[in-house]
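The next block holds one structure in the form of structure tokens; read it before the comments.
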Amino acid sequence: MSTVARFALVCVAAAFAAAAAAQDRLRDRAADSIDFAEKPFQEDRSALPTLPKDADLIRFDVGPAQRGFEFFVDGASLAVGTDEVVRYTVVARSDSGASNVSYEGIRCRTRERKVYAYGRSDGKWAEARNSDWMKIGAPALEGHIFVLYSDFFCPGRDRIRDAAEGLAALKRGRHPKASDETGFRDTPLGN
């Protein structure tokens, strides 16, 4: 190989090395300017809804694990906040007629739940003592919460867009995008 050819080869190699170094510097600067840290969750401050009226209750099926109870969502309380939390009032009614009422929230992206307050017999809310976000467990452990998460409010782990979408899913008996994770439903319930 001639001296001129070697010199040309060295120049080409040097040019490639310089271009690669410049590209690395640009990539490093771009990475420094991007904030990869997830922003801390900022929960909306929302007032407790009014206690549910029977006319606003929509029944939903929780499967065989919680026999002896019927479960309802208060359609008037269902909301999706700017913080992406799906909030709702749920009523669990036993065969004997006793009712438990709670105002709850679900974070679909993180698969977490929270109870904000419990309905009292005097028609008022009592704020929950432990109002921390907790992971949603298996259907046998979480019952109605798991079903609301998987079948109605977070189908395929995606949050419903708004209350109307959640109400439609409840009235239909299941969200059309819900997977069959629980495997115990045969037909939709409706109201």
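The values are calculated or read from the model by the stated rules, or taken from the named source; none is laboratory data. Everything numeric here is computed off the predicted structure, so don't read it as measured data. As a convention, Cβ positions derive from the backbone with ideal geometry for all residues, glycine included, and neighbour counts pool all protein chains shown.
Brief remarks follow.
- Taken over the stretch 99-148, the criterion of being in a strand (DSSP E or B), of a type in the set (Asp, Glu) and over 15 Å from the mean Cα position of the chain (by Cα) is satisfied by Glu127 alone.
- Number of residues in the stretch 85-106 that are closer than 17 Å to Ile145 by Cα and among the acidic types (Asp, Glu): the value is 1.
- Members of the stretch 105-154 found to be of a type in the set (Ser, Thr, Tyr) and more than 17 Å from Gln42 (Cα to Cα), listed by number: Tyr118, Ser121, Tyr149, Ser150
- Counted residues, the stretch 75-97 - those being over 16 Å from Asp162 (Cβ atoms) and not in a loop (DSSP other than H, G, I, E, B): 6
- Qualifying residue in the stretch 31-40 (condition: outside any helix (DSSP H, G or I), modelled with pLDDT under 95, in contact with a helix residue (DSSP H, G or I) (Cβ under 9 Å, 6 or more places away or on another chain) and more than 18 Å from Leu148 (Cβ to Cβ)): no
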